Amino acid sequence: MARIPPVPLDELPPALADAVAKGLANRMLSSPVPVQVWAHRPDIAQAWLAALETMHLHGVLDARLRELVRLRIAAITTCKACQVARKNDDVSEEDISCLGSDDPRFSPTEQVALRYAELFAGDYLSIDYSIFKRLGEHFTAAEIVELNMFCALMLAGGRMTYVQQAYEE
């Protein structure tokens, strides 16, 4: 049960209700519950969703790579809602069972992104210029910026959802 009462869906402001419906339809959201909790601050909730939607629908990163990164961070944050959600069909259950930056099933680009996500979520003090040099061997500056922002949103969102217990049981 959520630690902050979710705002009922029929009480969401129209713009936020539309954003939730769109997010559920395009699989950006797997559940409305976190947004229903955030809806106590509807303008901030809508801004968060807008940032997620931009990356989800118009991102410069490959959708499979984003999903691998999201799931790796979910494993680190231990957010059950995040771990069970599936946002992209290009990631198999077999991929998830081996989800780590050192697994040879992943391309070199995916391995670098997964390593970055692991460090970002678990050992951010280890991120140095050599990590960014490796990222630069696989990604453009715009892609690195998006990877950074995506990792930040996934880490914060996962921890926030976990702490608020804002998920369906």
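The values are calculated or read from the model by the stated rules, or taken from the named source; none is laboratory data. Values in this document were obtained by computation on a predicted structure and should not be read as measured data. As a convention, Cβ positions derive from the backbone with ideal geometry for all residues, glycine included, and neighbour counts pool all protein chains shown. Note: accessible area is taken over every heavy atom of the protein model, side chains too, but ligands, DNA and RNA are not part of it. Shrake-Rupley method; radii C 1.70, N 1.55, O 1.52, S 1.80 Å.
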Complete set of residues in the stretch 116-127 that are open to solvent by 30 Å² or more (accessible area, probe 1.4 Å) and either under 13 Å from ARG66 (Cα atoms) or not in a helix (DSSP H, G or I) (or both): ASP123, ILE127
Qualifying residue in the stretch 96-110 (condition: modelled with pLDDT of 95 or more, assigned to a helix (DSSP H, G or I) and open to solvent by 40 Å² or more (accessible area, probe 1.4 Å)): yes
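Table: residues versus (1) under 10 Å from the mean Cα position of the chain (by Cα); (2) surrounded by fewer than 16 Cβ atoms within 10 Å (Cβ to Cβ).
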site	(1), (2)
TRP38	no, no
ARG41	no, yes
TRP48	no, no
VAL60	no, yes
ARG70	yes, no
ILE73	yes, no
ILE76	no, no
ARG86	no, yes
Matching residues in the stretch 1-36 - criterion: being part of a loop (DSSP other than H, G, I, E, B), more than 15 Å from GLY157 (Cα to Cα) and open to solvent by 30 Å² or more (accessible area, probe 1.4 Å): MET1, ARG3, ILE4, PRO5, PRO6, PRO8, PRO13, ASN26, ARG27
Pair list, Cβ under 8 Å, 6 or more apart: the stretch 140-151 residue within 10 Å of VAL60 (Cα to Cα) and free of Cβ contacts under 8 Å to residues at least 40 places away in the same chain, other residue aromatic (Phe, Trp, Tyr) and open to solvent by 40 Å² or more (accessible area, probe 1.4 Å): ILE144/PHE132
